[in-house]
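Report on the structure given below.
Laboratory data are not the source of any read-out in this text; all were calculated from the coordinates shown. Note that the structure is predicted; figures quoted are calculated from it, not measured. With ideal geometry, Cβ positions are generated from the backbone for all residues, glycine too; neighbour counts draw on all protein chains shown.
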Number of protein chains: 2
Amino acid sequence: MFYDVGLDDGATQADEDPSASAGTTEWVAAFLAFAAYQTFFAAIASLFVWWEPVSGGSGIPEIKCFLNGIDLPRVVRVKTLLCKVVGVTFSVAAGLPVGKEGPMVHSGAVVAAGISQGKTRFWGVDTSFSKFSDFRNDREKRDFVACGAAAGVCSAFGAPIGGVLFSLEEGASYWSTKLTWRAFFCAMTTLATLFWVRNMDTLWLFSFGEFNILSGESSNFSIWELGLFVIVGCLGGLIGAVFNAANEHLTIWRMKRINHSKFRRFLEVIVVSLIVSVVSFLMPLLWGHCTKIPKDMQEWTNQEKNLIEELIPFGCTPGKEYNEVASLIFTEADTAIKQLFHFREAGADDSSTFSSGALFLFFVPYILTATLTYGIAVPSGLFVPSLLSGAAFGRLFGHLLHKLDHTNGTFADSGTYALMGAAAVLGGMARMTISLTVILLEATGDMQYVLPLMLTLMAARFTGNVFNEGLYDIHIKLKKIPFLEPDVPPIAERNEIVAGQVMSTQVKCLRPVERAGVVYDLLRSCGHGSFPIVDTASGGTLYGTASRYMLCTLLQRRAFGSPDVLEDYDGPQQHLGPRRLSPLVQWDTIERAYPRYPKLSDVDMREGDRNCWLDLRPYANTAPYTVNETASIQRTYRLFRTLGLRFLCVVNHNNQVVGIITRKDLLPEALTDSLLRGRLSHEEADEDGRGML
Amino acid sequence: MFYDVGLDDGATQADEDPSASAGTTEWVAAFLAFAAYQTFFAAIASLFVWWEPVSGGSGIPEIKCFLNGIDLPRVVRVKTLLCKVVGVTFSVAAGLPVGKEGPMVHSGAVVAAGISQGKTRFWGVDTSFSKFSDFRNDREKRDFVACGAAAGVCSAFGAPIGGVLFSLEEGASYWSTKLTWRAFFCAMTTLATLFWVRNMDTLWLFSFGEFNILSGESSNFSIWELGLFVIVGCLGGLIGAVFNAANEHLTIWRMKRINHSKFRRFLEVIVVSLIVSVVSFLMPLLWGHCTKIPKDMQEWTNQEKNLIEELIPFGCTPGKEYNEVASLIFTEADTAIKQLFHFREAGADDSSTFSSGALFLFFVPYILTATLTYGIAVPSGLFVPSLLSGAAFGRLFGHLLHKLDHTNGTFADSGTYALMGAAAVLGGMARMTISLTVILLEATGDMQYVLPLMLTLMAARFTGNVFNEGLYDIHIKLKKIPFLEPDVPPIAERNEIVAGQVMSTQVKCLRPVERAGVVYDLLRSCGHGSFPIVDTASGGTLYGTASRYMLCTLLQRRAFGSPDVLEDYDGPQQHLGPRRLSPLVQWDTIERAYPRYPKLSDVDMREGDRNCWLDLRPYANTAPYTVNETASIQRTYRLFRTLGLRFLCVVNHNNQVVGIITRKDLLPEALTDSLLRGRLSHEEADEDGRGML
């Protein structure tokens, strides 16, 4: 009678049914067993997150960041994959209002990243000998992760095109045909694999079922109902906005009070799981009303007949009656969504498979527990909870419409409204645009819904955006990750900011040939990933850039030239000439360490080394991306966003470095700051910057 | 009996039917009337192209170029739109094997471009007073054209998502969420308009009809048939490649012998139209065989019953028999495609609605005349001819499979094979990838075909690419347009070319303050669109760039300073100081002329003006895009492609201009050239380049 854990139900249900018509003691015993099971599974899921904290949550914010060019630690590790996959199995089995779709996208991305590297320390595999080593750089890895995410979406929703669009919309800001083609191929392979693994009828891991059965060849809705769909979209956007706001406050509270201790996080999972158990058990009891299973099903489709079998008695006579609320709570979320989409209204009168009261009694507690659950230390997707609560809301909406007008055929079937509701709430929560439309369209499998879905999702997005951002963006912001939105913040566009205004003028730079001690101190004093190399011989023009990992490797490998090969050359008059001033380290040696380069702590710097010369010229990137100080902020932003840059040198007309822009400087708050600082202080700072060289 | 011209048939057919069972004289009369009609319509279509030559052809290559950043003259003018729309109506009505989809995409793009400008000289409208004037620049116009193309695809195929993807794949190389969102909104509006204008049953202007009727809830094909679909894809790719090669040779011949004279082009249309008439009339006569219209249609769908009514007797007893070849030739292409897709094989035995012989007798002449037709001086799309011949080929393939195995149900319905054949031939001709899949998928309206379509299209593309390029690309190449493919040519990637190798070192540059005579002579001596301004005071660093239109406007407006305000300042020692040396022209004045700036011929340059000073500093773009000479060709290519650049300054470490790269330098042939020139001559050239400054 409790939420059945595997994919096969029916068997477990039969075992539990005897307790259905029993006394209070048996009810209590049933509840205790149910709660114990749920909590046990939730605890296991939480233990995996304890082991690898990154595997908690849906993983989509992390993938968004990765595709945006931010390399969050441990996001694409094999250990994360393992914890995510096993963890999500248990968290779904625990009956928590969580989905497996987000984690599936994350898993796809990890698999892709792993394949691109052909190397994992976790399993001790390394395929450096093969062609795979060509892929060992951030750009290729990013492309692979985009493909993996596409494959993940494809396997989660059976939506190959939606998957490709998801990757493109979220990450690959540069439309490269090669990448599109790769992602497309990936998604296609995933789809073909799904075809082979499962038989054709249960093709999708996730499906909305068949829609075009009810009405035959004509459309399932009339044109004027598009207006109603827009209203559903607006309401869904509102629900999503409230959900996001509540979850945001909850997350802020959690960050303060819970997240600093792993044990508290574990305890929180136990508590939330118990709350979910109580709510799940109480609601059907509160409903306490048995509904007769429809008898005259001659003209019903096989799909509906199958769904009828999934209805749950919960205290009613098995096989004849069912409890409406229990049927929504205790079946798989997948099945519950299909029930909401496909059960036809039983007749022209009020009686429906799910009545308004039952839908309401399911919708409100479910979305509340979902709000509570997202953010606890278990792997948890958000798509299914949003879709399910949205479907309940949409069906409720359709139901009320049918109450307004009893004649048959004025309004579309409530299932259509359930679909729109699902889209609206999901859209209001996630605020994705074209990719979400395509994903839902592919899951629906029926092209006639393209216009209603587009309208609903747009309405939901616009309504939601009035109040706050999408939930993924909120979580990214809360983590203080310098995530760059696709478009330049409006404040920058309004005020025509130029690169020179936002740059930081505290430039830490190196000379082409530098003393090892200076390099070491510089690396220790700040955590930047890249440093400009400035040619003092030609009056401070930009020579190139040196990355932190390269400098660390050089120091660790002790590629030092004797202190005597060169006198100190601080004056701009001296030309270094072409000779190498320190031993060469092979490029390959530096590259091979990817992605775990030596850290500064691995460097053994002795006092005698500090005066040795480090010749950076062979390793410098001599054609780094730069912007002129008078370049518009739009161009600067676009460079960062399309190329996933983390750092950019700002130069003047003589190619002299006058400042540095990092991602943090381009966030809306930083842009506002630099506007307030104003032109004057900028010019002061400018002088400082030049002084440094 | 001849091809009926409007959208409503049936009425005209009844009038012609008496001639069906008549003697030779009546046949000849019928043919003459038929040929006269066809030729008359074709001549009218051709006259419109005579008036505006750009309106000939499908328009998709022109839109591709526009989105690529190449502003072909007159492509987005209102006159072009008018000629295109009226012309295509007549060329389709003339019964030529042409489609209206390509011209529809072009028309959508023109409408969008017009709206973005809010101004047309053709109708004398100008809305400079409104917000529209903000959109008057090349970038916004490009975005609007992308949206218009999306709307065009949407209206042509009822494929909103396919339309958005088409725009993104073909043009908008930079994935901007704003653009996606706009294109999406455009496509949605188009769809909603279509909904309102037409009733729900005949929703799409172009439709593949309902597919999921035959098999009910199960799939229309078995998994192992995916292999067969790949074979269909390969064969379709082969057909497409042959089609492209033949059309390429024909076009080269045309460019030599026909295109230089408008009268010859007109004559060619008449000749081709007569050939098409003869072939169209001869083929059904050659077939000369009457087939009985199926009687037992109890279990047939309405769609099939409607299609049965479209069958054409052509000499057989009307209402009882039909001529198979005539039914394919003399119906609308739309209907013919649906017939090929949806007529079920009449039984387990050989007899089918269309027999192999008829399909063959239709396919071969049709594709030959289509090859002949594409490129003559009428507006003509390529989608429908490809789809129709592909559908015939695919059905033939399916038919032969059914002959191999007489048992029912081993192979999928021939209609499914017809769909795959249509996709394969279209894919083999156009070589589009993800956008074509989505367009076809949306036209099909059934998600179960996603995997077969993907596989077929990929197979067609790969097979075709072995032999030649897509037809649109071939035509772009033949017109010698510097079109940049999405990916860097492999030769550049293989040889690790840097920007310094491909640049042209013959840089024509100006000084920040220049004598009017020098500017005038420079503009007259070459047609470049942009010139670097080099600051001689600081040793030749790049000051900014000046566009041709800006220089012309300044000369035309006589923004000259007296020759005496400044001595000649060729030496690098002199600083100009901040004072303006010539009267200012308002920026707005320069911008308002967009897109028809004054030409050099509009400038009235007198001898006395030649020594006057032109102060370019207020107008220069002081932060132009540049690349370092050591930058990789990939980065250079990406800059051109993503930003639609036409010109890029190459600078050295001191920001001194060492060369210029234009689009032509990045074409594969130019890259090969610069490789052959080799490093040595590059360095020589490099010296020259510096010498120039």
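The percentage of C-alpha pairs in region A:27-96 whose separation is greater than 20 Å is 38%. Put in order of Cβ neighbour count within 10 Å, fewest first, the listed residues B:Phe166, A:Phe411 become A:Phe411, B:Phe166. Once the Cβ-Cβ distance of A:Leu274 and A:Leu584 is raised to the sixth power relative to R0 = 56 Å, the FRET efficiency obtained is 0.30.
Counting neighbouring beta carbons within 10 Å and listing from fewest to most, the residues B:Trp181, A:Trp224 come out as A:Trp224, B:Trp181.
Residues whose amide H lies under 5 Å from that of A:Ser530, counting only those 5 or more places away or on a different chain, are A:Arg548; hydrogens are built 1.01 Å from N in the peptide plane. Please report the relative contact order for region A:32-197, taking Cα pairs under 8 Å with a sequence separation of at least 6, and give it as a percent rounded to a whole number. Rounded, it is 21 percent for region A:32-197. Placing a pseudo-label 7 Å from each Cα along the Cα-to-Cβ vector at A:Lys178 and B:Arg610 gives an inter-label distance of 5.2 nm. Close amide H pairs (under 5 Å, H built 1.01 Å from N) link B:Gly659 with B:Val650, residues at least 5 positions away or on another chain. Pairs of Lys residues in region A:214-327, spaced 8 or more positions apart or belonging to different chains, with C-alpha separations under 30 angstrom: 5 in total.
Under the simplified labelling scheme, the B:Gln634-B:Ile231 pair shows an inter-label distance of 4.0 nm, with each label point 7 Å from Cα along Cα→Cβ.
A simple spin-label model places the labels of A:Ser261 and B:Lys320 9.5 nm from each other, with each point 7 Å out along Cα-to-Cβ. Listed by chain and number, the lysines whose alpha-carbon sits under 22 Å from that of B:Lys64, ignoring those within fewer than 8 places in the same chain, are A:Lys178, B:Lys79, B:Lys84, B:Lys100, B:Lys141, B:Lys178, B:Lys477, B:Lys479, B:Lys480, B:Lys664. Computed from backbone phi, the HN-Hα couplings of region A:59-72 come to x, 5, x, 5, 5, 4, 5, 4, 5, 6, x, 10, 8, 5 Hz, rounded to whole numbers (Karplus: 6.51 cos²θ - 1.76 cosθ + 1.60, θ = phi - 60°; Gly and Pro given as x). Backbone phi angles across region B:314-324, fed through the Karplus curve with coefficients 6.51, -1.76 and 1.60 (θ = phi - 60°), yield HN-Hα couplings of 6, x, 9, 5, x, x, 10, 10, 8, 9, 4 Hz in residue order; Gly and Pro are listed as x.
Ordered by the number of other Cβ atoms lying within 10 Å of each residue's own Cβ, fewest first, A:Glu169, B:Glu669, B:Glu514 fall into the sequence B:Glu669, B:Glu514, A:Glu169.
Note: region B:266-406, Cα convex hull, 105 Å³ per residue.
Across region B:77-94, rounded Karplus estimates of 3J(HN,Hα) from the backbone phi angles (6.51 cos²θ - 1.76 cosθ + 1.60, θ = phi - 60°) give 8, 5, 4, 4, 4, 4, 5, 5, 5, 5, x, 5, 4, 6, 6, 6, 5, 6 Hz, Gly and Pro being marked x. Distance from the C-alpha centroid of region B:595-649 to that of region B:42-90: 30 Å, rounded to the whole angstrom. Note on region A:243-296: Rg/Rh from C-alpha atoms, Kirkwood Rh, equals 1.27.
Look at where the Cα atoms of region A:460-520 and of region B:490-538 average out, and the two centres are 34 Å apart. Dividing the Cα radius of gyration by the Kirkwood radius, what Rg/Rh value follows for region A:32-197? Ratio of gyration radius to Kirkwood radius for region A:32-197: 1.01. Database remark: amide H of A:Ser380 closer than 5 angstrom to the amide H of A:Gly57, A:Ser58 (H placed geometrically; neighbours at sequence offset of 5 or more, or on other chains; Pro and chain starts carry no H).
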